[in-house]
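J.: This is the structure, below, for whatever I ask next.
Since every read-out is calculated from the coordinates, none of them should be taken as a lab result. The structure displayed is predicted, hence computed values, not measured ones. Heads up, the Cβs are rebuilt from the backbone with ideal geometry, glycines too, and the neighbour counts pull from every protein chain shown.
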Amino acid sequence: RLDEMEFENITIDQHGPIAVLTVNRPKALNALNGTTLSELAMAADLIANDPEVGALIVTGAGDKAFVAGADISELAGLEGPFAGRDMSLLGQDAMTQLSNLPIPVIAAIGGYALGGGLELALCCDIRIASPRARMGLPEVTLGLLPGFAGTQRLPRLIGAGRALDLMLTARQIGAEEALSMGLVNYVADDPLQKAREVAEQIVKNGPLAISLVKEAVRRGLATDLEAGMEIEADLFGLAFATSDFKEGTKAFLEKRPAEFKGE
Ligand code: CAA
């Protein structure tokens, strides 16, 4: 079981089909050092291969922070001509693995989600923030740019104009402003509880259909409209051939909830 895995800087709890991954370095406001990034990638791999898990919630330990960014002390000590690039690739890889999971991934943001922390939230499918959350990409204040795919994912999510404002000013925004720009989907006093509710709602649906929706959006965003529609038609064809689709339509006609088997 996933919750029996021993990690240094993350924990995974499993409640039925819903797993909760917690970044657990509260003394450093859950900052992402190399070990944590490797553990995130390892966890994503384990979760991707665990048929028991139908949804993943990502959160941070403690009241104060989701994740306050890449670990600045570690960054300051890295040496060598490729150290920066390698750290960026390590972070990007962890984010990509989480983002490519075939199950829904929901970020529950209780406090600071800054720099690499916001980038972690950006690789999730749905973001839920507490009214106390503070979000931003402050890398330029350190003479850096976002390096865990933030320069790429943020403009795709909220548009280049808003993304550039946040990245160039380095300003922090609260939950309501994030909601108004589409950076978060929900504001909730207890974001973890709200994330569980959203996850419960999603896991009632056909799991293959859910993974195909994610695939269609991900592959479609990487290409033009026409090619994206071809991808959609191919995946629609795949969904059409599943027993889940037969069960879904049968259940509708019989006026009962569907029982999907993921096949
Ligand atoms: N890396 C390492 N340690 C961090 C950290 C980080 N990103 N953020 C906070 N910490 C540590 C602090 O050093 C402090 O440790 P000590 O108690 O040992 O001094 C502890 O966490 C608590 O933090 P503060 O005392 O600073 O708490 P605060 O309430 O005064 O401030 C904060 C909170 C505004 C979030 C502030 O900690 C802060 O600005 N953190 C850094 C945010 C940041 O710049 N993130 C971007 C990192 S660069 C990046 O992410 C690059 C990339 O894209 C790949």
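J.: Please report, in whole Å³, the volume per residue of the convex hull around the C-alpha atoms of the chain. Present the calculation step by step, with values, prior to reporting the outcome.
T.: Numbers: hull volume 36.5 nm³, N = 263.
It comes to 139 Å³ per residue, whole-number rounded.
J.: Mind jotting down the distance between the C-alpha centroids of the range 183-243 and the range 86-163, whole Å?
T.: Their Cα centres are 19 Å away from one another.
J.: How much FRET efficiency would the formula 1/(1 + (r/R0)^6) give for Phe240 and Gln201, where r is the Cβ-Cβ distance and R0 is 25 Å, rounded to 0.05? Walk me through the intermediate numbers first.
T.: Numbers: r = 24 Å, r/R0 = 0.95.
Working from the Cβ atoms, E equals 0.55.
J.: Just how large is the dipole of the range 139-263 about the Cα centre, in debye to the nearest 20, putting +1 at every Lys and Arg Cβ and -1 at every Asp and Glu Cβ?
T.: On the way: 15 positive and 19 negative charges, 29 e Å.
My answer is approximately 140 debye.
J.: Moving on to the next point. Work out how much length Arg171 to Ile72 would gain on full extension: take 0.36 nm times their residue separation and subtract the Cα-Cα distance, in nm to one decimal.
T.: Additional length available on full extension: 33.8 nm.
J.: Where Lys and Arg each count +1 and Asp and Glu each count -1, what net charge lies around Thr35 among other residues with Cβ under 12 Å from its Cβ? Each step should come with its number before you reach the end.
T.: Details: positive: Arg25; negative: Glu8, Glu39, Asp71, Glu74.
Overall, the nearby charge balance is -3.
J.: Ok, one more. Based on the alpha carbon coordinates of the range 58-210, what radius of gyration and maximum Cα-Cα distance (Dmax) apply, in Å?
T.: 15.4, 49
J.: Express the relative contact order of the chain as a whole percentage, based on alpha carbon pairs under 8 Å and six or more residues apart in sequence.
T.: Taking the mean separation of contacting Cα pairs over the length of the chain, I get 15 percent.
J.: Among 59-71, 228-240, what's the highest-first ranking by average C-beta atoms within 10 angstrom per residue?
T.: On the way: 59-71: 23.2, 228-240: 13.8.
Sorting 59-71, 228-240 by mean packing, highest first, produces 59-71, 228-240.
J.: Straight-line reach from Lys27: which lysines have Cα under 30 Å away, leaving out those fewer than 8 places along the same chain?
T.: Lys64, Lys194
J.: Right, here's the next one. From the residues Ala70, Cys123, Gln92, which one has its Cα farthest along the dipole of the range 54-138 in the positive direction, the dipole being from +1 and -1 charges on Cβ of Lys/Arg and Asp/Glu about the Cα centre?
T.: Cys123
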